[in-house]
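What follows is a short report on a single structure.
The values are calculated or read from the model by the stated rules, or taken from the named source; none is laboratory data. Just so you know, these numbers come straight off a predicted model, no measurement behind them. Quick reminder, even Gly has a Cβ in these numbers, built from the backbone with ideal geometry, and neighbours come from all protein chains shown.
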Amino acid sequence: MYVTEAWTLRKVDIRRLESFEMCTWRRLMKISWTEHRSNQDVLDIVDENRSLMNTIQQRQKHWLDHVLRSDILLCTVLEGRMEGTRTRGRQSAIMIDWMKSNDVESLTYKEKSL
């Protein structure tokens, strides 16, 4: 979870983080892969929900709120207000686009319900 606020997550990264979370639960409960238990069965045994991605999104939201409140160069870069021409090729994914693509309002609702 170190510096997860600054990560730009791709679908591959999300899938790997979710599989890591399930692998960790399986190790803690000493469930072998040969038992062929579904992920939902494992979550029911530990009486938990998947929470790793939710935690990462909450941290990113709080960090982004903190940065956008200030008037520094990082805020200008994140909002995309830089002058000049863009470079050739496909643009790299930036965190603010990823946060916009995810429903940030539903994330805020989840925080209040906890």
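Brief remarks on what is shown
- Any hit, the stretch 97-112, residues being of a type in the set (Gly, Ala, Ser), farther than 19 Å from Arg15 by Cα and at pLDDT 70 or above: no
- Test set (1) assigned to a loop (DSSP other than H, G, I, E, B); (2) modelled with pLDDT under 80 - Arg37 fails condition number: (2)
- Number of residues in the stretch 45-60 that are surrounded by fewer than 16 Cβ atoms within 10 Å (Cβ to Cβ), over 11 Å from Glu18 (Cβ atoms) and of a type in the set (D, E, K, R): the value is 2.
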